[in-house]
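For reference, the structure is listed below as structure tokens.
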Amino acid sequence: MQILSISLKNIKSHRDKELHFVGGINVLSGVNGVGKSTIFEAIGYALFGVDARDFVGNIERFLTIGAKKGEVAVTFAPADGETYRASRTVGAGSKWLLAREIGGTFEVEDHAGAPETEARIKELLGLDSGRPLADQFKLVIGPFQNEFLGPFVLKQPAKRQEAFDEILGIDAWRKTYKGTSTLLKAVKTKIDLLTVEIEGKEEQVVALPEREKELSNLLTEVEVQQKQLAVKEKSLAETQAQLVKLDGQEKTSQTVKADIQVLENRIRDGEGKIADNKKRVKEAEQALEILEKSRVGKDAFERAEVQLKALREQEKQCRAIEQEIIGLDKESARLAQAYAYERREVEKIDKEQATEERRLVADQKALVAAESVTLAAARLPVLREEAEKLRLAQGLLEGRRAGLQEGREKLAEGVCPFFKEECQNIAGKAPRDVFSARVDDLDQEGLDLQQRLAGLALEITAAEKARLELDSLKVRGQELAKQLTALAKRRDDNSKRQAALAGVKEQQEEAEKKGGTRKEELKKFANLDGDIAKVEKLRTAHQAARDAFFANQKDALDLQNRRDSLATMVALLEDLRKILAAKQQELGRLAEDYDPPRHAEVRLIKEQLVGELATSRQKIADLGRERLRLDEEIKKMQQLKEEIKVRLAARKGLAAKEELVKFLRDKIFNNVSAQLSERFREEISLRADRIYRNIAETDEELYWGDKYQIVLRDMENGELRERSDDQLSGGQTMSAVVALRLALLQTIGARVAFFDEPTSNLDAARRANLAHAFRAIDVGREEVTEHWYDQLFLISHDVAFTEVTDQIISLE
């Protein structure tokens with residue numbers, strides 16, 4: 001088995017690092033704090049499933065500062081020749097995945113969870129010993145040197161034994177022996193509880209025969225009570241038959257009595273009603289007489305009422321005409337006032353608009369510009385064009401002057417100003433001044449142009465000022481034209497308003513005409529109030545006769561009905577008296593057949609029988625409940641008997657288990673742990689002794705003693721000497737610990753191991769010897785031990801390892 005590489009992302013100081021390893025010995029070197037131990041921790045985390053908190057306490061400290069998630073991936077090749085990669089993330093939602101290389105890519109194997117992934121890796125590493133991978137790494141394969149050294153220097157033998165039993169994987173027997181002590185106590189406790197339960201249930205079952213006898217007596221009593229109940233029920237039925245007959249006679253007699261009472265009451269009520277009806281007939285006859293006397297007055301009242309209604313209609317018409325006349329007068333006055341006001345306003349506005357029109361026309365005439373201003377503004381384009389021509393001529397003069405000046409300078413040097421080469425015409429001669437006169441002429445001509453431009457500039461300024469003045473007059477003229485247009489519209493509106501005054505005048509005259517017509521119509525109602533007063537007086541005179549007529553009309557019209565009703569009541573009263581006589585005769589016959597004392601006696605007998613039956617039924621019900629109680633108690637006791645049998649069988653089984661647990665604890669568990677410990681110590685001591693002798697180069701024998709004590713044996717003065725614990729030096733202890741760990745790794749079958757500073761506390765010779773011992777194991781020198789590992793990983797600053805290592809990885 002071989003670890004090929006490791007990749008770390010955001011793990012402590014390694015933000016993104018990948019390392020590759022070779023078979024044999026790999027040494028990690030570098031300054032303190034560079035992250036050498038982190039590499040070992042990362043391999044333990046990703047390949048062996050160690051919890052990150054076993055390294056750092058808080059999982060956030062396993063991540064690079066500022067990172068939320070990290071990942072470790074270890075690529076390895078087990079003995080089957082395949083290549084696998086175990087990857088595990090750090091942080092929220094951590095995942096542990098195993099992938100196999102197929103065709104150059106890694107495909108993740110489908111595992112149900114972390115336990116299945118761990119089982120698969122254990123199988124690939126050949127470490128399927130039943131112990132968790134994490135424990136094997138922490139205890140033997142990859143503990144840090146101070147952690148592995150800890151158990152060797154424990155002073156208490158019992159604690160040292162517990163620690164190494166756990167490392168060797170034989171602590172289960174000792175733990176089982178201690179654990180079965182609790183099991184044995186639990187079995188004894190259960191046996192005691194069952195014994196107490198059995199005794200308690202047997203006490204309850206003692207009363208079972210007595211309860212069965214009590215139930216038999218109760219059943220006999222129930223049978224007797226049921227027979228008595230049947231006899232009483234028969235007597236009750238006969239008594240009820242007699243009572244029904246007597247009740248019928250009593251009911252018939254009471255019904256007849258009630259009928260007689262009703263008839264007597266109806267006869268009394270009928271006599272009272274007949275008397276009332278006679279009184280009402282007499283009142284109707286008197287009302288008829290009053291009705292005939294007041295009929296003439298009633299008719300006169302009605303005629304006056306009709307006349308008064310017609311007069312009231314005329315009164316309404318009169319009042320309507322009066323209101324209309326008032327409205328017409330108000331409308332005529334309003335229209336006259338509006339006409340006068342509107343005429344004054346129209347005349348006033350007409351005067352104001354005429355004045356404004358004269359003012360605007362005068363202002364418009366005053367806007368004529370002076371002739372000199374018009375001429376000056378007209379010359380502006382001509383002046384500007386002339387100034388532009390002068391400036392162009394001035395530019396040409398400046399160009400000509402610059403050319404002449406350049407020619408004069410070139411000619412002074414003997415160079416032709418046209419061909420830019422030495423002039424052959426004046427070769428060897430002094431140059432003549434042919435440019436000064438021309439330059440002076442051009443300067444004079446330029447001065448004249450400048451003076452003309454200055455004069456034109458003044459004229460242009462005056463022309464621009466004249467143009468601005470003309471533009472201002474034009475804008476003012478346009479504004480006055482707009483005002484005159486608006487004024488014309490307003491004058492037109494005022495003319496329309498004046499034309500509308502004629503319509504107002506016509507409306508006012510029409511209102512006056514209608515008012516006069518309505519006043520003429522009002523004259524025909526001049527005597528209306530007198531006519532109304534005369535008719536009202538006539539109506540008041542006949543009011544009493546009319547009231548008397550209507551007050552008695554209803555009673556007079558009801559006279560015949562009252563007479564018919566009186567005759568009907570008299571006939572009904574005679575029929576009721578005949579029915580009453582027949583009922584009285586029937587009551588006499590019933591009294592001869594019905595015996596009230598016998599009826600009361602039979603009723604009393606029935607009540608006594610009902611009470612006796614209720615008592616019997618209640619007694620039978622009580623006996624039934626008592627029977628149910630006894631049945632339940634007997635059933636529970638029978639169940640208790642069955643439970644006692646089950647408890648006895650269970651107690652017997654537990655007693656057998658107790659004997660078995662005692663045998664296993666005393667004969668097996670208590671001895672196997674010590675026997676396995678002795679066997680492992682002998683095997684490991686043999687291998688460790690050869691390694692120790694190679695490291696220490698002494699004739700001392702290393703022996704792993706009882707309670708895992710390190711013992712060194714040698715001969716002194718011909719006698720055997722044994723030294724242990726405090727008698728050993730630091731170098732001897734460290735050499736022995738390293739030898740024992742190497743032997744222990746070989747014993748458990750580990751093919752890879754990790755050592756953190758294995759040369760601590762060793763002198764130079766021992767460090768060199770330890771390095772060569774590692775190489776001797778690697779090549780399988782028999783004087784040390786056979787070759788058993790595929791890879792060793794060491795953290796060391798010791799140069800002794802540079803000669804024996806297969807690869808040194810320097811971390812920066």
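The values are calculated or read from the model by the stated rules, or taken from the named source; none is laboratory data. None of the values given here were measured: they were computed from a predicted structure. As a convention, Cβ positions derive from the backbone with ideal geometry for all residues, glycine included, and neighbour counts pool all protein chains shown. Calculation scope for accessible area: heavy atoms of the full protein, side chains included, ligands and nucleic acids excluded. Shrake-Rupley method; radii C 1.70, N 1.55, O 1.52, S 1.80 Å.
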Please report the accessible area of residue 604 (heavy atoms, 1.4 Å probe, ligands and nucleic acids excluded) in Å², nearest 10. 90
If you take the Cα Rg of segment 665-732 and divide it by 2.2 N^0.38 Å, with N the number of residues, what do you get? 1.33
Under-5 Å amide H pairs with residue 5, H placed in peptide plane, nonlocal only: 21, 75
Cα to Cα, under 19 Å, and not fewer than 8 places away if on the same chain: which lysines meet these conditions relative to residue 496? 348, 351, 505
Below 13 angstrom from the Cβ of residue 239, what's the summed charge of the other residues (Lys, Arg +1; Asp, Glu -1)? 0
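Pairs of Cα atoms under 8 Å, at least six residues apart: use those to get the relative contact order of the chain, whole percent. Don't skip to the end; give the middle numbers.
Numbers: 876 pairs, mean separation 206.0, N = 812.
Relative contact order comes out at 25 percent.
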Hey, rough spin-label estimate for residue 20 and residue 215, points 7 angstrom out along Cα→Cβ, what's it come to in nanometres? 9.2
Report the paramagnetic label zone for residue 612: residues of segment 186-230 whose backbone N is under 18 Å from a point 7 Å from Cα along the Cα-to-Cβ axis. 224-230
Please work out the FRET efficiency for the pair residue 207 and residue 234, using the Cβ-Cβ distance as r and a Förster radius of 41 Å; give the result to the nearest 0.05. 0.50
Rounded to whole angstrom, the alpha-carbon centroid of segment 438-487 lies from that of segment 517-569 at a distance of 113
Plugging the Cβ-Cβ distance of residue 720 and residue 764 into 1/(1 + (r/R0)^6) at R0 = 30 Å yields, to the nearest 0.05, a FRET efficiency of 0.50
Heavy atoms of the protein only, probe of 1.4 Å, neighbouring chains included. What is the accessible area of residue 292 in Å², nearest 10? 110
Which entry in [x] 75, 59, 24; [y] 88, 46, 29; [z] 121, 109, 17 matches semi-axes √(5λ) of the Cα gyration tensor in Å derived from the coordinates of this structure? [z]
Residue 338 paired with residue 522, simple spin-label distance in nm, labels 7 Å along Cα-to-beta-carbon: 2.3
Step through the residues of segment 382-398 one at a time and calculate ³J(HN,Hα) from phi using the Karplus curve (6.51 cos²θ - 1.76 cosθ + 1.60, θ = phi - 60°), rounding each to whole Hz and writing x for Gly and Pro. 5, 5, 5, 4, 5, 4, 5, 5, 5, 5, 5, 5, 4, x, 5, 4, 5
Part-to-part distance (alpha-carbon centres) for segment 614-637 and segment 737-769, which is given in Å: 89
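Arrange the residues 165, 276, 135 by how much accessible surface each exposes, largest first, with a 1.4 angstrom probe. Spell out each step's value before the answer.
Values: 165 0, 276 95, 135 50 Å².
From most accessible down to least: 276, 135, 165.
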With every protein chain kept in place and a 1.4 Å probe, the chain has an accessible area per residue in Å² of 60
On the full set of protein chains, 1.4 Å probe, figure out the accessible area of residue 615 and give it in Å² to the nearest 10. 90
Roll a 1.4 angstrom probe over the protein heavy atoms and tell me the percent of accessible area of the chain that is carbon or sulfur. 52
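Calculate for the chain the 222 nm mean residue ellipticity that helices alone would give, adding -39,500 (n - 2.57) per DSSP H run of length 4 or more and normalising by residue count, nearest 500 deg cm²/dmol. Walk me through the numbers on the way to the answer.
Details: 19 runs with 566 residues, N = 812.
The helix contribution divided over the chain gives -25000 deg cm²/dmol.
So if I place +1 on the C-beta of Lys and Arg and -1 on the C-beta of Asp and Glu, and nothing else carries charge, what would the dipole magnitude of the chain be about its Cα centre? I want it in debye, nearest 20. It would help to have the intermediate numbers written out before the result.
Numbers: 134 positive and 145 negative charges, 890 e Å.
Here the size comes out at about 4280 debye.
Within the chain, what percent of beta bridges assigned by DSSP are antiparallel, to the nearest 5?
About 75 percent, rounded to the nearest 5.
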Given +1 on the Cβ of Lys and Arg, -1 on the Cβ of Asp and Glu, and no further charges, what dipole in debye does segment 1-150 carry about its Cα centre, rounded to the nearest 20? 640
How would 140, 610 line up by accessible area, probe 1.4 Å, largest first? 610, 140
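Using a 1.4 angstrom probe on the protein heavy atoms only, line up 20, 542 by accessible area, largest first.
Details: 20 110, 542 50 Å².
Greatest to least solvent exposure: 20, 542.
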Residue 160 neighbourhood, Cβ < 12 Å, K/R = +1, D/E = -1, net charge -2
With a 28 Å threshold on alpha-carbon distance, the violating pairs from 175/657; 155/662; 298/523; 619/645; 9/122; 95/178 are 155/662; 298/523; 619/645; 95/178
Measuring from label point to label point, each 7 Å out along Cα→Cβ, what is the residue 452 to residue 538 span in nm? 13.1
Considering the options 483, 570, 527, tell which one lies farthest towards the positive end of the dipole of segment 456-602, charges being +1 on Lys and Arg and -1 on Asp and Glu at the Cβ, about the Cα centre. 483
In whole angstrom, the spacing between the Cα centers of segment 1-26 and segment 37-73 equals 13
